[in-house]
Ligand SMILES: Nc1ncnc2c1ncn2[C@@H]1O[C@H](COP(=O)(O)OP(=O)(O)O)[C@@H](O)[C@H]1O
Ligand SMILES: N[C@@H](CCC(=O)OP(=O)(O)O)C(=O)O
């Protein structure tokens, strides 16, 4: 009988442009791509299900068309991406074909998942491909993407994809071996960070960019990690130039999971055996507890002694260098994940602190008009909007202090609203114009004001989604 730790995993591997193409020549790194292919096929043969999110359409297009630098003009970039995506998928297909592994191309824009039915269709297609033993290769549909419907970077796209298929692991493969306290390209003394428990507590400098071909740098990787971990997915940043590390890291984490019992890591298996190529003693408890504390480069192996109950005491083999973001212990439900990350916000509804408390408490309520302070943007019923918390008293006091009323008052109000905290997203039952008319009032007054009342709520509680730190 198989041990539970042998449960097949769903693994999303994101490869940035810098991992596929040379930064200067834009030539594909065939050797490294081949190693990636070998690793993915090994994972497949071990029974795991793998999705690749592959960047580099634009870089491949630049190479194919002999254009040295990415142009600024949107239509030109889109045309280049169309040429490059063709080359990119052809190359992946050819490399995987050598090992008899079928692949599929999936190109997405945010529009494709903005409708719940379409989102579920995309998820079902991905799951069906995995079920058929195919490796889906996902990229943003750069040729159709304009600003309004763009994911913008493949780190975010990979996290949404991982959420869609309820993955166990998201690997963000890049040209550095993890997150550092500062950009290691600029500061060789930057310290690597091994485990991150709470991204909001991180104090690292990610302000500088990376390769000239990459889009997001580390910032978008942190956004992606936040998204994926909120859905219960362990997220790993590691170096793409040694793809075999993916298997090493997975084995190590499965082993840790066994050591930690039911705690922390997302790989839901229990009672694992120690992988033959790992020795026992490093349950990583110290690292988890230290959360975001950076470790010196030489300190990647925990030195704690094993507890007496854990008998074997061989020195642990250190896992390949990586940064691991621990998943939330109470992952967000799929629908709420979709509202928060799949839907584009069409405006904002400002709510007071009382409403915020009511809609985020354990037995949460829907959002009533009485708790709404203001509304921004033009949107229809059933569209998604951001929820922003505003302190009514602060607003009232600031307005009271304004001399002259009129425009001065409006400016002060706008400034206070601007400072509100975005806490989540909602699908609303009323349009922006309607909300502007009923905000601050009792639900019983909706009908007399609007001539109808579809719901007592501005947003039903099932249509309110919050980032975990706000719950
Ligand atoms: N604190 C940091 N830790 C690690 N890397 C960082 C940090 N800040 C910025 N970076 C940069 O982020 C780059 C990776 O992002 P990017 O170039 O967009 O890669 P990709 O194409 O793989 O998405 C690294 O090459 C590194 O220079
Ligand atoms: N979709 C684009 C890549 C966008 C992107 O996020 O790039 P990267 O930062 O290198 O992962 C392409 O295929 O060229």
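The values are calculated or read from the model by the stated rules, or taken from the named source; none is laboratory data. This one's a predicted model, so the numbers in the text were calculated from it and none came from an experiment. Glycine gets a Cβ as well: all are built from the backbone with ideal geometry, and neighbour counts include every protein chain shown.
Of the residues 123, 159, 190, only one is in a helix (DSSP H, G or I) and in contact with a strand residue (DSSP E or B) (Cβ under 8 Å, 6 or more places away or on another chain); which? Let's see the steps before the verdict.
Working: 123 fails: in contact with a strand residue (DSSP E or B) (Cβ under 8 Å, 6 or more places away or on another chain); 190 fails: in a helix (DSSP H, G or I).
Checking each option against the conditions leaves just 159.
Taken over the range 217-246, the criterion of being assigned to a loop (DSSP other than H, G, I, E, B) and surrounded by 24 or more Cβ atoms within 10 Å (Cβ to Cβ) is satisfied by 231, 233, 240, 243. Flag set for residue 178, criterion: on the phi > 0 side of the Ramachandran plot and modelled with pLDDT of 90 or more.
Taking the criterion of being more than 30 Å from residue 224 (Cβ to Cβ) and crowded, with 19+ Cβ neighbours inside 10 Å, would at least one residue in the range 397-406 satisfy it? Break it down into steps so the answer makes sense when it comes.
First pass over the range 397-406, keeping only residues more than 30 Å from residue 224 (Cβ to Cβ): 397-406.
Subset that is crowded, with 19+ Cβ neighbours inside 10 Å: none.
No, there is no match, as no residue in the range 397-406 is more than 30 Å from residue 224 (Cβ to Cβ) and crowded, with 19+ Cβ neighbours inside 10 Å.
When the range 392-436 is filtered for residues that are more than 18 Å from residue 352 (Cβ to Cβ) and more than 35 Å from the chain's Cα centre (by Cα), the ones remaining, listed by number, are 401, 402, 403, 404, 405, 406, 407, 408, 409, 410, 411. So, in the range 23-58, of the ones that are part of a loop (DSSP other than H, G, I, E, B) and in contact with a strand residue (DSSP E or B) (Cβ under 8 Å, 6 or more places away or on another chain), which residue ends up farthest from ligand 2 (Cβ to nearest atom)? Looking at residues that are part of a loop (DSSP other than H, G, I, E, B) and in contact with a strand residue (DSSP E or B) (Cβ under 8 Å, 6 or more places away or on another chain), I get 48.
Collect the residues in the range 445-470 that are in a loop (DSSP other than H, G, I, E, B), touching a strand residue (DSSP E or B) at 6+ places or on another chain (Cβ under 9 Å) and at pLDDT below 95, keeping them in residue-number order. 460, 467 - these are the residues of the range 445-470 that are in a loop (DSSP other than H, G, I, E, B), touching a strand residue (DSSP E or B) at 6+ places or on another chain (Cβ under 9 Å) and at pLDDT below 95. When you check residue 416 against the structure, is it modelled with pLDDT under 90, crowded, with 18+ Cβ neighbours inside 10 Å and under 15 Å from residue 375 (Cβ atoms), yes or no? Against the criterion (modelled with pLDDT under 90, crowded, with 18+ Cβ neighbours inside 10 Å and under 15 Å from residue 375 (Cβ atoms)), residue 416 qualifies.
For residue 113, the conditions (1) at pLDDT 95 or above; (2) in a helix (DSSP H, G or I); (3) surrounded by 22 or more Cβ atoms within 10 Å (Cβ to Cβ) are fulfilled apart from (1). Between 88, 62, 9, 15, the distinction of being modelled with pLDDT of 95 or more, crowded, with 18+ Cβ neighbours inside 10 Å and away from ligand 1 (no atom under 16 Å from the Cβ) belongs to 9 only. One residue alone among 96, 171 is in a helix (DSSP H, G or I), in contact with a strand residue (DSSP E or B) (Cβ under 6 Å, 6 or more places away or on another chain) and under 20 Å from residue 33 (Cα atoms), and that residue is 96. Restricting to the range 205-251, give me the number of residues that are out of contact with any helix residue (DSSP H, G or I) (no Cβ under 6 Å at 6 or more places or on another chain) and at pLDDT below 90. Result for the range 205-251: 5. Restricting the range 318-342 to residues that are over 13 Å from the mean Cα position of the chain (by Cα) and part of a strand (DSSP E or B) leaves a set whose member that is nearest to residue 425 (Cα to Cα) is 324. Can residue 206 be described as at negative phi, in a helix (DSSP H, G or I) and either surrounded by fewer than 24 Cβ atoms within 10 Å (Cβ to Cβ) or within 16 Å of ligand 2 (Cβ to nearest atom) (or both)? No: the conditions fail for residue 206.
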